[in-house]
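The values are calculated or read from the model by the stated rules, or taken from the named source; none is laboratory data. Keep in mind that this is a model prediction, so the values were computed, not measured. Cβ atoms come from the backbone with ideal geometry, glycine included; neighbour counts cover every protein chain shown.
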Amino acid sequence: MRILAIETSCDETAVAVLENKTNVLVNLVASQIDVHKKFGGVVPEVAARHHFENMKYLLSETFDKVNPESLDYVAVTYGPGLVGALLVGVSAAKGISLSLDIPIVGVNHLHGHISSIYLAYPNLKPPFVVLLASGGHTEIVLVKEKSFMVLGKTLDDAAGEAFDKVARILGLGYPGGPEIDRIARNGDPNYHQFPRPKINDKDYDFSFSGLKTAVLYFLRKNPGARVEDVAASFQRSVVDVLVKKVFRAARDSGVRKIIVVGGVSANSMLRKEMSEKALELGYEVFFPPVKYATDNALMIARAAFDLVEKGKIADLSLNAVPYLGWEDVL
Ligand code: KG4
Ligand code: ZN
């Protein structure tokens with residue numbers, strides 16, 4: 001079975017074709033980073049226009065590699081995300097569905113991120129606790145054989161958003177996560193103790209906006225501080241909170257497997273700390289390959305395989321749902 005998938009929820013235009021869950025036939029990602037860099041963040045209108053421009057190139061490259069007649073389904077991210085951006089992908093998928101006469105599958109972007117783990121570990125089975133940390137979300141989810149349960153989420157900024165905003169304060173480029181990750185390697189993570197919001201609270205929720213403000217005030221008071229040291233100390237705070245909370249959630253849920261997905265799961269310090277703690281406490285931790293951690297269409301195709309197996313097929317009434325939660329996955 002072959003599924004073509006489209007992802008346009010934020011600033012990556014992506015198209016992939018996956019065969020039988022594991023055989024990657026096409027995996028294209030057109031990043032708009034250079035377009036949005038000058039604004040220091042994603043501009044929704046501009047993102048939608050660029051998705052529209054990029055889509056024709058990505059699809060024609062895809063159809064050069066894979067015979068369209070050999071496709072069984074077309075899958076598309078229909079939420080959560082930027083409405084204009086999502087609509088470009090959903091419309092393209094409807095056109096493909098109509099012209100090739102194949103069914104359409106609507107995929108939840110969050111479900112896509114979780115599915116990215118199966119691209120590297122096809123035999124991994126729930127139960128596991130998921131830390132999903134991206135530019136738009138920071139959530140801890142308990143995944144069981146037949147159910148999902150959201151245990152906690154951020155009350156304000158997402159972890160990736162905090163990386164992006166702090167990078168901006170530090171005068172680094174967009175997106176901020178990879179920049180902070182890179183320069184923090186030459187910095188001292190113990191240079192300054194930034195707050196670790198909610199780290200000792202009994203719930204599994206997060207809050208990162210105060211941490212961002214703390215970095216801003218610290219820099220105002222200490223304009224001579226080395227950017228590398230501030231970046232490393234900030235990163236240390238975020239990683240400490242994420243690690244502590246997800247291990248607490250796993251312990252309280254009695255689950256020994258933890259998976260970490262979403263753009264922030266590419267972070268090298270987070271990977272190192274999670275792996276060390278797992279070894280120390282006797283847990284198993286899994287990450288997607290770094291190239292599948294950030295937005296891509298392969299993870300959407302992989303999620304679509306599970307939806308097809310469950311008979312969850314959409315039709316041409318499929319619409320973009322910008323604030324989609326877990327309701328269609330639960
Ligand atoms: O999953 P993703 O590509 O898009 C969303 O669904 O939001 O995540 C993008 C986020 C951005 O905020 C970016 O700064 C962050 O992931 N990110 C990182 C790293 N690579 C990407 N954050 C920390 N360290 C990284 N290496
Ligand atoms: Zn994402």
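Looking only at region 129-158, which residues are polar (S, T, N, Q) and within 14 Å of ligand 2 (Cβ to nearest atom)? Before you say what the answer is, go through the steps one by one.
Pass one, region 129-158, residues polar (S, T, N, Q): 134, 138, 147, 154.
Across region 129-158, the qualifying residues are Ser134, Thr138.
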Looking for whichever is modelled with pLDDT of 95 or more, over 25 Å from Asp101 (Cβ atoms) and more than 16 Å from ligand 2 (Cβ to nearest atom) here; the options are Tyr283, Tyr292. Which one fits? Tyr283
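Specify which of the listed residues (Phe218, Phe305) is outside any loop (DSSP other than H, G, I, E, B), in contact with a Leu (Cβ under 8 Å, 6 or more places away or on another chain) and not hydroxyl-bearing (Ser, Thr, Tyr).
Working: Phe218 fails: in contact with a Leu (Cβ under 8 Å, 6 or more places away or on another chain).
Of the residues listed, the single one that is outside any loop (DSSP other than H, G, I, E, B), in contact with a Leu (Cβ under 8 Å, 6 or more places away or on another chain) and not hydroxyl-bearing (Ser, Thr, Tyr) is Phe305.
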Identify, by number, the condition in (1) closer than 15 Å to Gly106 by Cα; (2) surrounded by fewer than 21 Cβ atoms within 10 Å (Cβ to Cβ) that Ala75 doesn't meet. (2)
Considering residues of region 53-67 that are over 26 Å from the mean Cα position of the chain (by Cα) and touching a residue at least 40 places away in the same chain (Cβ under 8 Å) only, the residue surrounded by the fewest Cβ atoms within 10 Å (Cβ to Cβ): Lys65
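Find the residue count for region 105-128, including only residues that are touching a Ser or Thr at 6+ places or on another chain (Cβ under 6 Å) and either closer than 21 Å to Tyr323 by Cβ or within 13 Å of ligand 2 (Cβ to nearest atom) (or both).
In the first step, residues of region 105-128 are kept if they are touching a Ser or Thr at 6+ places or on another chain (Cβ under 6 Å); the result is 107, 109, 122.
Checking which are either closer than 21 Å to Tyr323 by Cβ or within 13 Å of ligand 2 (Cβ to nearest atom) (or both) leaves us with 107, 109.
Residues meeting the conditions: 2.
Residues in region 272-292: is at least one in contact with a Gly (Cβ under 7 Å, 6 or more places away or on another chain), within 16 Å of ligand 1 (Cβ to nearest atom) and either not in a strand (DSSP E or B) or not β-branched (Val, Ile, Thr) (or both)? Lay out the reasoning, then the answer.
Residues of region 272-292 in contact with a Gly (Cβ under 7 Å, 6 or more places away or on another chain): none.
No, region 272-292 contains no residue that is in contact with a Gly (Cβ under 7 Å, 6 or more places away or on another chain), within 16 Å of ligand 1 (Cβ to nearest atom) and either not in a strand (DSSP E or B) or not β-branched (Val, Ile, Thr) (or both).
Does any residue of region 182-203 turn out to be among the β-branched types (Val, Ile, Thr), more than 16 Å from ligand 2 (Cβ to nearest atom), surrounded by 21 or more Cβ atoms within 10 Å (Cβ to Cβ) and not in a loop (DSSP other than H, G, I, E, B)? Show your work before the answer.
Step one: list which residues in region 182-203 are among the β-branched types (Val, Ile, Thr), which gives 183, 199.
Filter once more, so that each one left must be more than 16 Å from ligand 2 (Cβ to nearest atom): 183, 199.
With the extra rule that they be surrounded by 21 or more Cβ atoms within 10 Å (Cβ to Cβ), the set shrinks to none.
No.
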Just to be sure I understand the filter: pairs with C-beta atoms under 6 Å, separated by 6 or more residues or on different chains, first member in region 118-146 and outside the structural domain of Lys21 (by TED's automatic domain parsing) and under 20 Å from Ser207 (Cα atoms), second member part of a loop (DSSP other than H, G, I, E, B) and away from ligand 1 (no atom under 12 Å from the Cβ). Which pairs pass? Val129/Val255; Ile140/Tyr204
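Yes or no, residue by residue, for (1) of a type in the set (A, V, I, L, M); (2) away from ligand 2 (no atom under 16 Å from the Cβ); (3) touching a Phe, Trp or Tyr at 6+ places or on another chain (Cβ under 8 Å):
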{"position": "Ile33", "(1), (2), (3)": "yes, no, yes"}
{"position": "Ala47", "(1), (2), (3)": "yes, no, no"}
{"position": "Leu58", "(1), (2), (3)": "yes, yes, no"}
{"position": "Val76", "(1), (2), (3)": "yes, no, no"}
{"position": "Ser97", "(1), (2), (3)": "no, yes, no"}
Number of the exception - Val255 against (1) in contact (Cβ under 8 Å) with a residue 60 or more places away in the chain; (2) surrounded by fewer than 20 Cβ atoms within 10 Å (Cβ to Cβ); (3) within 16 Å of ligand 2 (Cβ to nearest atom): (3)
